[in-house]
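Taking it in order: structure first as structure tokens, then the write-up.
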Amino acid sequence: MQVTIIGGGVVGLCCAYYLNKEGYEVTVIDRNDITDGCSFGNMGYISPSHFIPLASPGIVSQGLKWMLSSSSPFYIKPRLNWELIQWGLAFWKNSNAVKVKENIPHLNNLLRLSRELMNDLKREFNDSFTMIEKGCWTLYKNEKTGDHEKHLTEQAVELGLKTKIYDRSEVQQMEPEVEVDVEGGVLWLDDCHLDTRKFMRTLHEQLKKAGVKFLLNTEVKGFERLNGKLNSVITSREKINSDEVVVANGSWMPAVSKMAGVHLLMQPGKGYSIVYENMKKNLHYPAILVEARTAMTPIDRWLRIGGTMELSGHSNNILPKRVAAIYNSVKKYFPSLDLSEPVLENAWYGYRPVTPDGLPYIGKPKKISNITFAGGHAMLGVSAAAATGKIVNEIVSHHGTSIDISAFNPERFS
């Protein structure tokens, strides 16, 4: 049976991995060459700690203050765009305490499953992607934020997660190479991090060896249909006969789903990152700077800093204020860290696929029996990729799914 996967990011490649292991003939189509994109430049976290969906009461209240400031962590470019308006209304509707409480168990199950599966991939590929299992900080500068983080640890314990709370001096002891200016922090012990560049290259190389076909620098132009099914994918290069189609192309998913007659609400959330090589002094643990919404990933003498959520559509524009805001935030928490001011030409950006409730789309629509959607993970693409790939294989193979996926229904906003 021929399965065609549209999208060669981390989710698409994980889908290809599990489908190939099941014995399917797999073709992966990507509009680029799988050497860049959101799967390469993100922070590389595997984060069971991120069980609170992006759509939450806090992000809405804070977002209203932030959204018109181009240097804020959450910025919405003002524009008249019907897709953005639809998405915004649905986001607002889903950002309430009742909905968040309802969605937490589903997101937790997905992230916990993925964390377990990453251990399997680490063993199978001989840790060729430098997966470091030591936890991740959430660091805070004021007492109010600290109280909120401590409340999250109480929820985490109920979900089976392990955490440890540290005061200012204890955080400093854990980070002996750099000066730390924080009130305190929480170390999320189940979290880990990896080198996303190595992970993507490992998956790509292993899949090619396993016989997966890749059509790169190739655009999807449409589909041919027969009796309620898609029987082929039409691309800029050739037509591919397909028994099953998996759409896993990140923030470009709505355009492809529209070709299939399915309307999905999603916005591209642009994020930025900057890499520093040969750090003389570095963090020992990855860290999320809570008030600043900024993240830091150290691997040996290498450091990536990144963050921000910018809803401005797909564009090649880099906003200098947003890149500077990431750098300035890091210096506030780590004053002695030796970082040169970022050069715009060296700043990376990518698009996170953001749904209105912060949960991904994983599943089939009712009107097309052989298409499966797998995307919309926002900032959790790497965290949830392995579980998503396994679940997609279970859907295509008509197995029971490892977890309940009803909350990820791609038609839940229809």
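The values are calculated or read from the model by the stated rules, or taken from the named source; none is laboratory data. In this text, all values refer to a predicted model and were calculated from it rather than measured experimentally. Using ideal geometry, Cβ is built from the backbone for each residue, glycine included, and neighbour counts are taken over all protein chains shown. SASA here: full protein model, heavy atoms, side chains in, ligands and nucleic acids out. Shrake-Rupley method; radii C 1.70, N 1.55, O 1.52, S 1.80 Å.
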Top-ranked residue in the range 327-351 [being open to solvent by 60 Å² or more (accessible area, probe 1.4 Å) and polar (S, T, N, Q); ranked as nearest to Tyr272 (Cα to Cα)]: Asn346
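So, in the range 121-153, how many residues would count as being more than 20 Å from Val171 (Cα to Cα) and either more than 22 Å from the chain's Cα centre (by Cα) or in contact (Cβ under 8 Å) with a residue 24 or more places away in the chain (or both)?
Of the range 121-153, the ones more than 20 Å from Val171 (Cα to Cα) are 121-131.
Checking which are either more than 22 Å from the chain's Cα centre (by Cα) or in contact (Cβ under 8 Å) with a residue 24 or more places away in the chain (or both) leaves us with 121, 123-126, 128-131.
Residues flagged as more than 20 Å from Val171 (Cα to Cα) and either more than 22 Å from the chain's Cα centre (by Cα) or in contact (Cβ under 8 Å) with a residue 24 or more places away in the chain (or both) within the range 121-153 amount to 9.
Across the range 29-43, what is the total count of residues that are under 24 Å from Thr235 (Cα atoms), open to solvent by less than 40 Å² (accessible area, probe 1.4 Å) and either assigned to a strand (DSSP E or B) or among the hydrophobic types (A, V, I, L, M, F, W, C) (or both)? Give the derivation first.
Narrowing the range 29-43 to residues under 24 Å from Thr235 (Cα atoms): 29-39.
Restricting the remaining residues to those that are open to solvent by less than 40 Å² (accessible area, probe 1.4 Å) gives 29-30, 34, 37, 39.
Checking the rest, the ones that are also either assigned to a strand (DSSP E or B) or among the hydrophobic types (A, V, I, L, M, F, W, C) (or both) come to 29, 34.
Count: 2.
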Subset tally (residues that are over 24 Å from the mean Cα position of the chain (by Cα) and closer than 16 Å to Ile5 by Cβ) for the range 213-230: 3
Pairs where the first residue, in the range 90-118, is closer than 18 Å to Gln155 by Cα and the second is at pLDDT below 95 and surrounded by fewer than 22 Cβ atoms within 10 Å (Cβ to Cβ), C-beta under 7 Å, 6+ apart: Asn96/Pro57; Ala97/Pro57; Val100/Ile52; Val100/Ser56; Ile104/Ile52
Subset of the range 289-317 (residues that are open to solvent by 10 Å² or more (accessible area, probe 1.4 Å), over 18 Å from Tyr351 (Cα atoms) and of a type in the set (A, V, I, L, M, F, W, C)): Val290, Ala292, Ile299, Trp302
First in the range 312-327 and modelled with pLDDT of 90 or more, second anywhere and of a type outside the set (Val, Ile, Thr), Cβ under 6 Å, 6 or more apart: His314/Pro268; Val323/Tyr272; Val323/Pro342; Val323/Ala347; Ala325/Ser71; Ile326/Gly307; Tyr327/Pro342
Residue pairs meeting the criteria (Cβ under 6 Å; at least 6 apart or on separate chains; first among the hydroxyl-bearing types (Ser, Thr, Tyr), in the range 193-207; second assigned to a helix (DSSP H, G or I)): Thr196/Phe40
Matching residues in the range 313-335 - criterion: being out of contact with any strand residue (DSSP E or B) (no Cβ under 6 Å at 6 or more places or on another chain) and small (Gly, Ala, Ser): Gly313, Ser315, Ala324, Ala325
Conditions (1) open to solvent by less than 40 Å² (accessible area, probe 1.4 Å); (2) over 21 Å from Met266 (Cβ atoms); (3) at pLDDT below 85: number failed by Lys65: (1)
Search result, residues across the range 167-193 that are within 16 Å of Asn282 (Cα to Cα) and touching a strand residue (DSSP E or B) at 6+ places or on another chain (Cβ under 8 Å): Val171, Met174, Val180, His193
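So which of Leu264, Leu303 is over 17 Å from the mean Cα position of the chain (by Cα), over 30 Å from Ser369 (Cβ atoms), hydrophobic (A, V, I, L, M, F, W, C) and modelled with pLDDT of 95 or more? Can you show your working first?
Working: Leu264 fails: over 30 Å from Ser369 (Cβ atoms).
Within the list Leu264, Leu303, the selection yields Leu303.
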Looking only at the range 130-164, and only at residues there that are in a loop (DSSP other than H, G, I, E, B) and among the charged types (D, E, K, R), the one that is surrounded by the fewest Cβ atoms within 10 Å (Cβ to Cβ): Lys134
Entirely in the range 308-410, the strands (runs of 3 or more DSSP E) that have 3 or more residues that are of a type in the set (Phe, Trp, Tyr): 348-354
